[in-house]
Amino acid sequence: MNHSGEAVSLIAHYYKIVPEDIIVVHDDKDLSLGTIKVQSNRGDGGHNGIKSITAHIGTKDYGRVRVGVGSTNEKRMADTASFVLGKFGLLERKRVEEIIHEAAEHIKKNL
């Protein structure tokens, strides 16, 4: 994800997609598991993938669907890299499956 800007930029250029028509769905450890926020034209919030996309397309004016993956377990959250690259527990996986469908509905509403 840290280099996703390269792919987004190449695809946008090839298909002549303007940044305002791009929607990026990404994890957000600062939102509790299951929270979904639809936004545009905001900072990267420390998310390396978002930093990459913004740098490669030259603007932060694109849509974002932020999907919360945060945990109430402070010990798990302490090491960001381990947390975001780690695996969800059984109950978390079930909730993630639900979130995917919810995020898709949010995207449909914003098209």
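Scanning segment 48-63 for residues that are surrounded by 17 or more Cβ atoms within 10 Å (Cβ to Cβ), among the hydroxyl-bearing types (S, T, Y) and not in a helix (DSSP H, G or I) returns a single hit, Y62.
R95: over 28 Å from Y14 (Cα atoms) and either part of a loop (DSSP other than H, G, I, E, B) or modelled with pLDDT under 90 (or both), yes or no? Here the answer is yes, as R95 does meet what is asked.
Does K16 meet the test of being in contact with an Asp or Glu (Cβ under 6 Å, 6 or more places away or on another chain), modelled with pLDDT of 95 or more and either more than 22 Å from E105 (Cα to Cα) or charged (D, E, K, R) (or both)? Spelling it out, it is not the case that K16 is in contact with an Asp or Glu (Cβ under 6 Å, 6 or more places away or on another chain), modelled with pLDDT of 95 or more and either more than 22 Å from E105 (Cα to Cα) or charged (D, E, K, R) (or both). For a quick check of your reading of the model, give me the residue pairs whose first member lies in segment 67-92 and is among the small types (G, A, S), whose second is at pLDDT below 70, with beta-carbon atoms closer than 6 Å and at least 6 apart or on different chains. The qualifying pairs are S71/M77.
Checking the structure you have, find out if any residue of segment 40-53 is closer than 19 Å to N110 by Cβ and in contact with a Gly (Cβ under 7 Å, 6 or more places away or on another chain). Within segment 40-53 (the criterion being closer than 19 Å to N110 by Cβ and in contact with a Gly (Cβ under 7 Å, 6 or more places away or on another chain)), the answer is yes, since at least one residue qualifies.
Among the residues of segment 97-111, those that are among the β-branched types (V, I, T) and in contact (Cβ under 8 Å) with a residue 12 or more places away in the chain comprise I99, I107. The condition of being exposed (fewer than 14 other Cβ atoms within 10 Å of the Cβ) and either in contact with a His (Cβ under 9 Å, 6 or more places away or on another chain) or modelled with pLDDT of 90 or more (or both) holds for only one of D21, D79, D27, D44, that being D21.
The values are calculated or read from the model by the stated rules, or taken from the named source; none is laboratory data. Since the model is a prediction, treat every value here as computed from it, not as a measurement. Using ideal geometry, Cβ is built from the backbone for each residue, glycine included, and neighbour counts are taken over all protein chains shown.
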